[in-house]
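First up is the structure itself, then whatever we jot down about it.
Bear in mind these aren't lab numbers, they're just calculated from the coordinates by the rules spelled out. Source: prediction; values computed, not measured. Positions of Cβ are backbone-derived with ideal geometry, glycine not excepted, and every protein chain shown enters the neighbour counts.
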Amino acid sequence: MLELDERQNLVQNRRMNLIGKNLVLVGVAVIISFLMGEAVIRLLPESIVAELAPVQPKQIDLTGIHQPSDNPRLFYEAIPGVYDINEAGYRGTEYPPHKPDGVKRIVGVGNSTQFGMGVDESDTYLRQVEVLLNADGGTPVEVVNLAVGGYNTHQELEMLRTRGFGFEPDLVILGYDHNDPRPILGRKRPPIPDDYGENFLSSELFRYIARKFYSRPQLRFGNRVDGYISGGKCWDGHLEALIDIARECRERAIPVLIVIYDAWIQREEKESSKHYAALHATLNPLWWDNSYYVLDCYDLFQDLLRERGWQDTQSIWVSIEPRDGHPNPEGHLIIAKAIMEVIEENDLLP
């Protein structure tokens, strides 16, 4: 019996030694793979690993420019005195609610793109539209930009009802992004921090993986297109809000122009652009059925990509950070000129 026990112990020891050796080999392989990955990620150019590139400028942060609103349908609103937000609580020139005689007025409602996150107020597309419209010395035009970063379609409808119509607009411009169907956000929505992914090993590989996961690569799956809501309760509710915006403008004989902004589109042959086209196709009937005038930046930017030989629109972003796609001053000017064409072709400010 003793001899049998010794043999079993010997076999057990050999098995443990083998397991130990295998674990060592696996550990060595993991370390070698990590070091190789670390070397590769450090040698790759920023164009390939944009997540590690310096943010230009410092990543936009919506905290610090919002405060709670007394209106629960708005939930939060802009803070006067910061980011060119005037005492009346909207960005840019402060105009009296009552429209002077002989003046045309445009009121804009939207989210951070129309608000102009990351650019000077004078560079926003609504302000540039005002400048372009007043350049010929004709009927003066005033533009009131009531857009607030992070607003969804329900908040934009409420802003139009409670403030926008009070400015007696001759035209409403609705800034639409594909994240507008989402639920109301909290006031604190921190972007990807500059130091996100930093670690005690100073590993660029670990930092890259952490930031890559944070940036949530575009996906397409049930009720979503490229990660954007495209079906379900939130989607249906935002469609109802879009219909209400059009109806309430129509009841007041105010034309409404919707500016559909696209950030992450690529050349038409790229899969993500096909996804965007599919998302737009589901919305097109609503625009036409509800008498919206439409500026679709998908088409606008596709023309730009072909003209300039670009593969994507990052060259007109305010930041190369992967979660950010807000337009820079050039991007805003491109949109402003396209808005002008829609206004002139349809005689929206007679």
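Say the dipole of the range 232-350 comes from +1 at the beta carbon of Lys and Arg and -1 at that of Asp and Glu; which of Leu295, Cys249, Val318 then lies farthest toward its positive end?
Value computed over the given set: Val318.
Can you work out D for the chain in µm² s⁻¹ from Stokes-Einstein, where Rh is the Kirkwood radius over C-alpha pairs, the temperature is 20 °C and the viscosity is 1.002 mPa s? Please list the in-between numbers first.
Details: Rh = 22.9 Å.
Translational diffusion coefficient: 94 µm²/s.
Among Glu77, Glu121, Glu307, which one shows the highest mean-square fluctuation when the chain is modelled as a Gaussian network with alpha-carbon springs under 10 Å?
Glu307
Identify which of Arg15, Arg306, Arg42 has the largest mean-square fluctuation in a Gaussian network model of the chain, with springs joining Cα atoms closer than 10 Å.
Of Arg15, Arg306, Arg42, the Gaussian network model singles out Arg15 as fluctuating most.
Placing +1 on the Cβ of each Lys and Arg and -1 on the Cβ of each Asp and Glu in the chain, which of Val30, Leu305, Pro72 has its Cα farthest towards the positive end of the resulting dipole?
Positive-end residue among those listed: Val30.
Of Ala135, Ala147, Ala78, which is the most mobile in a GNM of the chain whose springs link Cα atoms less than 10 angstrom apart?
Per the Cα network of the chain with a 10 Å cutoff, Ala135 tops the list.
Determine the sum of side-chain charges near Gly116: Lys and Arg each +1, Asp and Glu each -1, restricted to other residues whose C-beta is under 12 angstrom from that of Gly116. Show your work: numbers first, answer last.
On the way: positive: Arg91, Arg127; negative: Asp84, Asp120, Glu121, Asp123.
Result for the local shell: -2.
Within the set of other residues whose C-beta is less than 15 Å from the C-beta of Gly81, count the net charge using Lys and Arg as +1 and Asp and Glu as -1.
Details: positive: Arg91; negative: Glu77, Asp84, Glu87, Glu94, Glu121.
Summing Lys and Arg as +1 and Asp and Glu as -1 gives -4.
Could you name the aspartates and glutamates whose alpha carbon sits less than 15 Å from that of Lys99, not counting residues in the same chain fewer than 8 places away?
Glu142, Glu168, Asp170
Order by neighbour count: Val342, Val30, Val148, Val141, fewest other Cβ atoms within 10 Å first, most last. All intermediate terms of the calculation are to be shown ahead of the outcome.
Working: Val342 15, Val30 10, Val148 27, Val141 19.
In order of increasing Cβ crowding within 10 Å: Val30, Val342, Val141, Val148.
Mind putting a number on the dipole of the chain about its Cα centre? Charges go on the C-beta only, +1 for Lys and Arg and -1 for Asp and Glu, and I need it in Debye to the nearest 20. Each step should come with its number before you reach the end.
On the way: 35 positive and 52 negative charges, 304 e Å.
Taking the Cα centre of the chain as origin, the dipole is about 1460 debye.
Sorted from largest to smallest, which semi-axis lengths in Å does the alpha carbon gyration tensor of the range 226-350 give for its equivalent ellipsoid, taking the root of 5 times each eigenvalue? Mind showing how you got there, number by number?
Details: eigenvalues 135, 78, 32 Å².
They are 26, 20, 13 Å, listed from largest to smallest.
Among all the aspartates and glutamates, which ones have a C-alpha under 17 Å from Lys212's C-alpha, if same-chain residues fewer than 8 places away are not counted?
Cross-link targets: Glu38, Glu46, Glu51, Asp194, Asp195, Glu198, Glu204, Asp226, Glu321, Asp324.
Just to be sure I follow: if Rg is taken over the C-alpha atoms of the range 275-327 and Rh is the Kirkwood radius over the same atoms, what is Rg/Rh? Display every interim value, and only then the final one.
On the way: Rg = 13.5 Å, Rh = 12.9 Å.
That ratio is 1.05, to two decimals.
If each DSSP helix of 4+ residues adds -39,500 (n - 2.57) and the sum is divided by the residues in the chain, what number results at 222 nm, nearest 500 deg cm²/dmol? Let's see the in-between values first.
Details: 9 runs with 142 residues, N = 350.
Value at 222 nm, helices only, nearest 500: -13500 deg cm²/dmol.
I need Met340, Met159 ordered by Cβ neighbour count within 10 Å, fewest first. Intermediate results must be reported in sequence, preceding the final value.
On the way: Met340 15, Met159 24.
So the ranking, lowest neighbour count to highest, is Met340, Met159.
Between beta-carbons, use under 15 Å as the cut-off and find the net charge around Ala39, counting Lys and Arg +1, Asp and Glu -1. Can you show the working numbers first?
Values: positive: Arg42, Arg207; negative: Glu38, Glu204.
The answer is 0.
Could you give the size of the charge dipole of the range 220-350 about its Cα centre, using +1 on the Cβ of each K and R and -1 on the Cβ of each D and E, expressed in debye and rounded to the nearest 20?
Magnitude of the dipole: close to 360 debye.
Using the Karplus curve 6.51 cos²θ - 1.76 cosθ + 1.60 with θ = phi - 60°, what ³J(HN,Hα) values do you get for each residue of the range 110-116, in whole Hz, with x for Gly and Pro?
Calculated HN-Hα couplings, in order: x, 10, 5, 5, 6, 4, x Hz.
Work out the charge dipole of the chain with +1 on the Cβ of Lys and Arg and -1 on the Cβ of Asp and Glu about the Cα centre, then indicate which of Asn346, Gly227, Leu283 is farthest towards its positive end.
Farthest along the dipole direction, towards plus: Gly227.
Could you tell me the ratio Rg/Rh of the range 32-157? Both radii from Cα atoms, Rh via Kirkwood. Please list the in-between numbers first.
Working: Rg = 20.5 Å, Rh = 17.4 Å.
Using only Cα positions, Rg/Rh for the range 32-157 is 1.18.
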